[in-house]
Amino acid sequence: MTDSGILPCVTGKRSIKNARKPRVGIVGAGNLAGALALALRGTGYRIDQIITRDRPASLRRARQLAGQVGASAVIRGKANIRADLVWFCVPDGSIAGAAEVLKEAANWTDKVALHSSGALSSDVLAELRRRGAAVASVHPFMTFVRGSRPALLGVPFAIEGDTAAVRIARQVVKSLGGHAHSIRKQDKAAYHAWGTFASPLLTALLVTSEQIAAAAGAPGKVARRRMLPIIEQTLANYAAFGGAGAFSGPIIRGDVDTIKQHLRILRNMPIASEVYVGLARAALAYLPGKNKGALEKSLKSLRRGKIGS
């Protein structure tokens, strides 16, 4: 592929198993890029460059990350890409633009270009495909936030794209200790919505719970500290027994009067009441419970503003 002799021609019959691990270039220096770069370095990959925008904050983060993984930090417009595998770890709306900027930064023939968008397909890298690269989307089903570098061991990665790039991506994921699985291009929007429910909207539910906790005399950090044991046990129950086995509370008992009390309290908290009603309706639809007709009637009464005092 390159004068490094690290990665065989991606269109040939040789397997990456018979070659040394490819040199990797990472585009971006955010939370995902940091976790991925450290994980790759920790499993024997050479990180060649951290490629970033020409902005002071971005360059500062790139230099810091580059120092951690033994790479060099370079600005996109001045990049001369030597890596065999280039991994785009930038926001969804920036992937195509970054590829456009970098299209002249390398001879892309026989290189592999990956991106980690959960919503976009590999086609967003079509410009690099036209220039000879094998491209794929490789999305880790994990959350990445500032101050946290989650391990990728056991993390599922959804992969689709060109056959050669998919083959190499699967081998990289395996070396990271992740679990690779195929996804169809047309399923990526639903897949990403699923991930949004599993983490960002779960966080939204938790901060909504904090608002209700404040009304019960437990503000901010107090609420978080007191909620953690029940949250952790709920997740443990869900993992062990599934949704139906983990479900508890007034809905499964069919306790209409208690639900009405909740709804009366929430009348003065419009956003929290909408979240409560939406999740309660989901519980009535998907989970076991008694008196579902009466409970649904109570929820409809709140939407009409007719819950009595």
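The values are calculated or read from the model by the stated rules, or taken from the named source; none is laboratory data. Computed from a prediction, not measured in an experiment: that's the story for all the values here. With ideal geometry, Cβ positions are generated from the backbone for all residues, glycine too; neighbour counts draw on all protein chains shown.
Could you give me the residue pairs with C-beta distances under 7 Å whose first residue belongs to the stretch 194-205 and is in contact (Cβ under 8 Å) with a residue 24 or more places away in the chain, whose second residue is hydrophobic (A, V, I, L, M, F, W, C) wherever it lies, and which are 6+ apart or on separate chains?
G195/F141; L205/V275
Restricting to the stretch 121-132, and then to whatever is crowded, with 16+ Cβ neighbours inside 10 Å and under 25 Å from the mean Cα position of the chain (by Cα), can you tell me which residue is farthest from G93 (Cα to Cα)? I'd like the intermediate steps shown before the answer.
So in the stretch 121-132, the residues crowded, with 16+ Cβ neighbours inside 10 Å come out as 121-122, 124-125, 127-129, 131.
If we keep only those that are under 25 Å from the mean Cα position of the chain (by Cα) as well, we get 121-122, 124-125, 127-129.
On the way: S121: 12, S122: 14, V124: 10, L125: 12, E127: 15, L128: 17, R129: 18 Å.
Here the answer is R129.
Out of all the residues in the stretch 37-45, is one or more crowded, with 24+ Cβ neighbours inside 10 Å, within 21 Å of the chain's Cα centre (by Cα) and either part of a helix (DSSP H, G or I) or not β-branched (V, I, T) (or both)?
yes
Just to be sure before I move on: is T208 of a type in the set (S, T, N, Q) and buried (at least 16 other Cβ atoms within 10 Å of the Cβ) in the structure I sent?
Yes.
Tell me, please, whether a residue that is in a helix (DSSP H, G or I) and either modelled with pLDDT of 95 or more or of a type outside the set (A, V, I, L, M) (or both) can be found in the stretch 134-154.
No.
For the stretch 155-179: of the residues being more than 12 Å from the chain's Cα centre (by Cα) and assigned to a strand (DSSP E or B), which is surrounded by the most Cβ atoms within 10 Å (Cβ to Cβ)?
Of the stretch 155-179, the ones more than 12 Å from the chain's Cα centre (by Cα) are 159-179.
Those left that are additionally assigned to a strand (DSSP E or B): 159-161, 179.
On the way: I159: 22, E160: 22, G161: 24, H179: 14.
The selected residue is G161.
Tell me the residue from Q64, Q68 that is of a type outside the set (A, V, I, L, M), over 23 Å from S121 (Cα atoms), in contact with a Leu (Cβ under 9 Å, 6 or more places away or on another chain) and part of a helix (DSSP H, G or I), please.
Selected residue: Q68, the only one of Q64, Q68 that is of a type outside the set (A, V, I, L, M), over 23 Å from S121 (Cα atoms), in contact with a Leu (Cβ under 9 Å, 6 or more places away or on another chain) and part of a helix (DSSP H, G or I).
Regarding G305, is this residue modelled with pLDDT under 95 and over 27 Å from T203 (Cβ atoms)? Working first, answer last.
Values: modelled with pLDDT under 95: yes; over 27 Å from T203 (Cβ atoms): yes.
Criteria met by G305.
Could you list all residues from the stretch 21-36 that are of a type in the set (A, V, I, L, M), over 12 Å from T52 (Cβ atoms) and within 17 Å of the chain's Cα centre (by Cα)?
L32, A35, L36
Listed here are the residues, each with its yes/no results for (1) of a type in the set (S, T, Y); (2) over 27 Å from S199 (Cα atoms); (3) out of contact with any strand residue (DSSP E or B) (no Cβ under 6 Å at 6 or more places or on another chain).
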{"position": "R61", "(1), (2), (3)": "no, no, yes"}
{"position": "A73", "(1), (2), (3)": "no, yes, no"}
{"position": "A83", "(1), (2), (3)": "no, yes, no"}
{"position": "E104", "(1), (2), (3)": "no, yes, yes"}
{"position": "L120", "(1), (2), (3)": "no, no, yes"}
{"position": "E127", "(1), (2), (3)": "no, yes, yes"}
{"position": "T143", "(1), (2), (3)": "yes, no, yes"}
{"position": "G147", "(1), (2), (3)": "no, no, yes"}
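Name the residue that is nearest to the chain's Cα centre (by Cα), counting only residues in the stretch 180-195 that are within 20 Å of G154 (Cα to Cα) and loosely packed, with under 14 Cβ neighbours inside 10 Å. First the steps, then the outcome.
Within the stretch 180-195, the first condition is being within 20 Å of G154 (Cα to Cα), and the residues that meet it are 180-183, 191-192, 194-195.
Still in the list and also loosely packed, with under 14 Cβ neighbours inside 10 Å: 181-182, 194.
Details: H181: 15, S182: 16, W194: 10 Å.
Per the criteria, the residue is W194.
With the condition kept exactly as written, say whether any residue in the stretch 110-118 is touching a strand residue (DSSP E or B) at 6+ places or on another chain (Cβ under 6 Å), at pLDDT 95 or above, part of a helix (DSSP H, G or I) and surrounded by fewer than 24 Cβ atoms within 10 Å (Cβ to Cβ).
no
Per-residue answers, yes or no, for (1) surrounded by 12 or more Cβ atoms within 10 Å (Cβ to Cβ); (2) under 25 Å from the mean Cα position of the chain (by Cα); (3) under 21 Å from T143 (Cβ atoms); (4) at pLDDT 95 or above:
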site: I231; (1), (2), (3), (4): yes, yes, yes, yes
site: P250; (1), (2), (3), (4): yes, no, no, yes
site: T258; (1), (2), (3), (4): yes, no, no, yes
site: Q261; (1), (2), (3), (4): yes, no, no, yes
site: N268; (1), (2), (3), (4): no, no, no, no
site: A272; (1), (2), (3), (4): yes, no, no, yes
site: V277; (1), (2), (3), (4): yes, no, no, yes
